[in-house]
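Trainee: One structure is given below, represented as structure tokens, and several questions about it will come after.
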Amino acid sequence: MSWEPFILTFKLALITTVILLVVSIPIAYWLAYTKSKSRFLFETIITLPMVLPPSVLGFYFLITFGRNTVFGQFLYEHFDIYLPFSFTGLVVGSLIYSLPFMVNPIQAGFQSLSESLREASWTLGKSNFVTLMRVLLPSIKPSVYTGIVLTFAHTVGEFGVVLMIGGNLDSTRVASIAIYDSVNKMDYAAAHQYALVLLAVSFVMLASVYLSNKRSVRYL
């Protein structure tokens, strides 16, 4: 068993989680408090990857960013960027596919807060940004932590999207692909080792979420 797939997997999961944390907080805030009638449409688009088959997302990713497409040619000719079958492509695909796992818990956390909390902050002269960073986010730490853990764990365990986008190359062979590759080679010992490590990591991360939420409820 090689540790390279795990290094690549955790690197991908870390990058995806950090970017989505930054991006998802304002999205979740807007979705939680907006009065726009089109909110349902944005919620549907964001949540769609949770029910969409990974192969569908991977297929349209290749169609959009392939070198034979207009947009793909533009990226390649002007920026020397070719996303399919590259680590950068895996990051972009993971950002799309893992977005709801970060947005939804944080949005639910915002919606669980009393409206009076924001109003009290505004009454004290605090701006929307200060209210968000100093009042709201500290009040939904369990939700933010849940989003972080679920996003990281989901990215670690993703198979369909990374196979479609990255294939089975040295630069894109994450742990889930390594299991698939080992099974194809009839190397069940290596497959067991890869699978057990992912199982252990996933169990610990999910257990930490439930333990954290249990403690939060206890101190309310």
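The values are calculated or read from the model by the stated rules, or taken from the named source; none is laboratory data. Nothing here was measured: the structure is a model prediction, and the numbers come from that model. For neighbour counting, all protein chains shown are included, and Cβ atoms are generated from backbone atoms with ideal geometry for every residue, glycine included.
Trainee: Among the residues of region 32-60, how many are of a type outside the set (Gly, Ala, Ser), free of Cβ contacts under 8 Å to residues at least 24 places away in the same chain and assigned to a loop (DSSP other than H, G, I, E, B)?
Mentor: 5
Trainee: Quick one: would you say VAL70 is under 24 Å from the mean Cα position of the chain (by Cα), among the β-branched types (Val, Ile, Thr) and within 23 Å of MET164 (Cα to Cα)? Write out each step before concluding.
Mentor: Values: under 24 Å from the mean Cα position of the chain (by Cα): no; among the β-branched types (Val, Ile, Thr): yes; within 23 Å of MET164 (Cα to Cα): yes.
Against the criterion (under 24 Å from the mean Cα position of the chain (by Cα), among the β-branched types (Val, Ile, Thr) and within 23 Å of MET164 (Cα to Cα)), VAL70 does not qualify.
Trainee: Residues PHE159, PHE152: which one is under 30 Å from TYR33 (Cβ atoms), touching a Phe, Trp or Tyr at 6+ places or on another chain (Cβ under 9 Å) and touching a residue at least 40 places away in the same chain (Cβ under 8 Å)?
Mentor: Details: PHE159 fails: under 30 Å from TYR33 (Cβ atoms).
Within the list PHE159, PHE152, the selection yields PHE152.
Trainee: Here's something else I'd like to know. How many residues does region 26-45 contain that are surrounded by 15 or more Cβ atoms within 10 Å (Cβ to Cβ) and over 14 Å from PRO100 (Cβ atoms)?
Mentor: Count: 3.
Trainee: Quick test of your reading of the structure: TYR82 fulfils all but one of (1) in a helix (DSSP H, G or I); (2) over 24 Å from ILE106 (Cα atoms). Name the failing condition by number.
Mentor: (1)
Trainee: Scan region 61-83 residue by residue and report those that are in contact (Cβ under 8 Å) with a residue 24 or more places away in the chain and either aliphatic (A, V, I, L, M) or touching a strand residue (DSSP E or B) at 6+ places or on another chain (Cβ under 6 Å) (or both).
Mentor: Keep residues of region 61-83 that are in contact (Cβ under 8 Å) with a residue 24 or more places away in the chain, which gives 61-62, 65, 83.
Passing the criteria: LEU62, LEU83.
Trainee: Can you report the number of residues in region 97-131 which are of a type in the set (A, V, I, L, M), within 22 Å of the chain's Cα centre (by Cα) and surrounded by fewer than 19 Cβ atoms within 10 Å (Cβ to Cβ)? If you could, list the steps in order and put the result at the bottom.
Mentor: As a first pass, look at region 97-131 and keep what is of a type in the set (A, V, I, L, M): 99, 102-103, 106, 108, 113, 117, 120, 124, 130.
Narrowing the set further to residues that are within 22 Å of the chain's Cα centre (by Cα) leaves 99, 102-103, 106, 108.
Applying the additional criterion that residues be surrounded by fewer than 19 Cβ atoms within 10 Å (Cβ to Cβ) yields 108.
Total meeting the criteria: 1.
Trainee: Within 18 Å of LEU21 (Cα to Cα), part of a helix (DSSP H, G or I) and touching an Asp or Glu at 6+ places or on another chain (Cβ under 7 Å): is that true of TYR97 in this structure?
Mentor: Numbers: within 18 Å of LEU21 (Cα to Cα): yes; part of a helix (DSSP H, G or I): yes; touching an Asp or Glu at 6+ places or on another chain (Cβ under 7 Å): yes.
Here the answer is yes, as TYR97 does meet what is asked.
Trainee: Residues SER212, SER202, SER171, SER176: which one is among the polar types (S, T, N, Q), under 27 Å from LEU113 (Cα atoms) and modelled with pLDDT under 95?
Mentor: Numbers: SER202 fails: under 27 Å from LEU113 (Cα atoms); SER171 fails: under 27 Å from LEU113 (Cα atoms); SER176 fails: under 27 Å from LEU113 (Cα atoms).
So the residue among SER212, SER202, SER171, SER176 that is among the polar types (S, T, N, Q), under 27 Å from LEU113 (Cα atoms) and modelled with pLDDT under 95 is SER212.
Trainee: If I filter region 80-87 for residues that are more than 18 Å from the chain's Cα centre (by Cα), exposed (fewer than 14 other Cβ atoms within 10 Å of the Cβ) and modelled with pLDDT under 95, do I get at least one hit?
Mentor: yes
Trainee: Here is a further query. Quickly run through region 150-169 and pick out the residues that are surrounded by fewer than 20 Cβ atoms within 10 Å (Cβ to Cβ), closer than 14 Å to LEU12 by Cα and in contact with a Leu (Cβ under 9 Å, 6 or more places away or on another chain).
Mentor: GLY157
Trainee: If you scan region 161-217, which residues turn out to be on the phi > 0 side of the Ramachandran plot and within 21 Å of the chain's Cα centre (by Cα)? Spell out how you get there, then give the answer.
Mentor: To start, the set of residues in region 161-217 that are on the phi > 0 side of the Ramachandran plot comprises 167, 186.
Listed by number, the list holds a single entry, GLY167.
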